[in-house]
1. Just to be sure before I move on: is R646 outside any loop (DSSP other than H, G, I, E, B), of a type in the set (K, R) and buried (at least 17 other Cβ atoms within 10 Å of the Cβ) in the structure I sent?
2. In the list F557, F525, which residue meets the criterion of being under 52 Å from the mean Cα position of the chain (by Cα) and either in a helix (DSSP H, G or I) or in contact (Cβ under 8 Å) with a residue 60 or more places away in the chain (or both)?
3. Looking at (1) buried (at least 21 other Cβ atoms within 10 Å of the Cβ); (2) of a type in the set (V, I, T); (3) closer than 13 Å to S562 by Cα, can you tell me which one V467 breaks?
4. Under 7 Å between Cβ atoms, which residue pairs at least 6 apart in sequence (or on different chains) link something in region 274-297 that is under 15 Å from R241 (Cβ atoms) with a partner that is at pLDDT below 75 and of a type in the set (G, A, S)?
5. What tally of residues in region 401-430 results from selecting those that are in contact (Cβ under 8 Å) with a residue 12 or more places away in the chain and either part of a helix (DSSP H, G or I) or open to solvent by less than 40 Å² (accessible area, probe 1.4 Å) (or both)?
6. Can you tell me which residues in region 290-313 are more than 18 Å from D404 (Cβ to Cβ) and modelled with pLDDT under 80?
7. For the list (1) among the small types (G, A, S); (2) within 22 Å of G563 (Cβ to Cβ); (3) open to solvent by 20 Å² or more (accessible area, probe 1.4 Å), I need the number of the one condition that A494 fails.
8. Suppose the filter is within 52 Å of the chain's Cα centre (by Cα), over 24 Å from N590 (Cβ atoms) and surrounded by fewer than 20 Cβ atoms within 10 Å (Cβ to Cβ); does K679 pass it?
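The values are calculated or read from the model by the stated rules, or taken from the named source; none is laboratory data. All of these numbers come straight from a predicted model, not from anything done at the bench. Heads up, the Cβs are rebuilt from the backbone with ideal geometry, glycines too, and the neighbour counts pull from every protein chain shown. Ligands, DNA and RNA are stripped out before the accessible areas are found, and what is left, the full protein with its side chains, is counted by its heavy atoms. Shrake-Rupley method; radii C 1.70, N 1.55, O 1.52, S 1.80 Å.
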Amino acid sequence: MSSYRDWDTLEALKNSPKGRLRYNQQWTSEEEDLLSQSICMLSPYAGWVLENIIPNKTLIDGSECQEYMQDSNGLSSVSAPASPVPPLISPAEMDKKQEEQIILESCKDVDPFLRLPSAKMLAVESKIRSFEEEQKMKSREELNARLEYVNRYNRSLAEKAAEQFKRFEEMLELKQRQEKQKLEEQLEKDSKEALERQEKLKEEHRHRAKLLSLKLREAEQQRQQELERTRQEEGRERMRRLCTLQQEALQLIQKIEIDQKLQETLRVDLSIFSKRGNHICGDLSNVVRSSSEGQFPSQDDVIFGERSVQELKLLLRDMEKEVAAAQERYKAVEEAAKQKQKDAEQQQQQAKAQASGPTQKKTQDKKEGLQSTSDKNIMEQYKELLNRCDQCLNAISALLTSKDAKDKKTRFELQKAVLLPVGQISSDLTNVQEVFKKLNTLLTGGEVRTLEKSVSLSIHALASDFVNYKLAERFVTQAEQEVASHHESAFPLAMVVSGIWERHPQVGELFLAHLYKKCPYSVPFYPAYKKGVPVIDYQRELGYNIDGSVVEAQDHFLKRMSGMIRLYAAIIQIRNAFGTVQSHHPHGLNYGWRWLAQMLNLEPVVDITATLLYDFLEVCGNALLKQYQDQFWKLIILLKEELFPRIQMITAEGEMGAVVRLRSFLENILQQKTIPLPKGYQRF
């Protein structure tokens, strides 16, 4: 490689201006002059080498350099001051083309006639080249050493950086661990504080719970004390009430015990009333005594006292009736003598009556076809129903009059099971169905709920007869009270009665018996006055309510009769109210036809006949018209033309209200040829 590069240098020098110079080895004077005149210059690169490198190196000794300088005639000192010194270029970075370029540039100003250098120049050049090569090698070595140093330095820096990075990571990890530890310590501290707070809260809660329990215990004690106080107050109130009832009973028994002389005068034995009254007072005294010995009397004891007083009142009333009847009989005996004296006068009057025969005959013709009592079969049925009702009453008398606490409670529960549902009947169809279902369940032996208890007929052997009797009685009482005031309520009550009647005929028969007792006009039947019967008893038989010696007012009496006859008229036209159970109604429209026909055959009574005919036709007229059509119109015409004039004849001028209503009703239906549906029927 060095030889190649030397030849290149020689070729470059040859092509330089100096290399193109011609040299002659045989020097002449002329040539020396020419040589002296010519300026032989080295290349700028060679001059730079001579000036900068050779003096600093020991490659060329001083003798050789001096010789060289002498031979070259001072050429070594020649330089190209005008040419700039090229910068030191590292041999490792200089390639072949750059070296050639530098040589060419350095040889531009050389004389072309300078062709080949001398031997010393070549030696110098070769040394230069060897020096260059050596420097290049050194440079390479230095460069390699530098690169190795740099690599080592880089590696050391990388290792240091890695170590520092590890230390940084360790420091960061340490900081994180410390922060985590601090956080854990803080959390542990917070948890401890939370636990302490929780323990404090628990302690406070336990303390408050204790306080609340104490307060609740105190409140419960206060409530118990209040209940005890209330119970004692109620007990004392019941005791006062029971003592009042006992005092009232003692006063009644004093009234019942009549003077023996009066009994002998009236010729009547009233000892049975006195004995019964004393027995009732004795029972009541025993109850009061047992209550005073114990804590307080119960509500059943108070009810027993009230019933005892009520029974004494009834006993006193019956005794007064008996006394009044005895007085009437005594008066009748006294008047018997007077009556005998009047017999002669009556015979004289009969003689006069024979003289007025034609007039009497006309009056009898007017009354022909009318009856004083109902048909015989109807009266037999009436008496049979009353007998059945009395038999049922006798059968349950043991339960009614029992003093046993259990029987009292049973009687009370059964009465509630009957009275409450009937009293709740309203115009709502759903309500009517619920009441019927409840009563039907009770009568069939199922359990029904009364307030807080369940009741069934299995609680007593007489429960079935008792419930039948009380339910029938309650139906009639409801008609007296509710239907009498609100005529529209007849149909919801009639639905329940009709449904119960179809499924439980015994209840229906007892209902009729109670209805006949309180309203004999529903038979129809006008009770006749019997001689020797007290007037009060006769009025009671007519249906009047009598309290002691006070007789019910006429308007109130007519109102009650109207309510009962309206319920009866509603019942006979309703059938299968809650589903078909029989082929026909047990007491249907045929009984209504019979009632109306019998009313037309009886002599009218003031007020009652007109009132009941109007109420019955208003409620049941439409149903009878649909059933009997033309035959019904014949009855209406007979009523208007035959019975109505008789009603007018027996009614006073100031008591024509019922007559006017009946007349207006008859005129309207005969004019319109139809009878409107009664109020309240459309809902059912």
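1. no
2. Values: F525 fails: under 52 Å from the mean Cα position of the chain (by Cα).
Of the residues listed, the single one that is under 52 Å from the mean Cα position of the chain (by Cα) and either in a helix (DSSP H, G or I) or in contact (Cβ under 8 Å) with a residue 60 or more places away in the chain (or both) is F557.
3. Failing condition for V467: (3).
4. P297/S291
5. Residues meeting the conditions: 20.
6. Step one: filter region 290-313 for residues more than 18 Å from D404 (Cβ to Cβ), giving 292-293, 295-296, 309-310, 312-313.
Result: S292, E293, Q295, F296.
7. Unmet for A494, out of (1) among the small types (G, A, S); (2) within 22 Å of G563 (Cβ to Cβ); (3) open to solvent by 20 Å² or more (accessible area, probe 1.4 Å): (3).
8. Values: within 52 Å of the chain's Cα centre (by Cα): yes; over 24 Å from N590 (Cβ atoms): yes; surrounded by fewer than 20 Cβ atoms within 10 Å (Cβ to Cβ): yes.
Judged against the criteria, K679 is a match.
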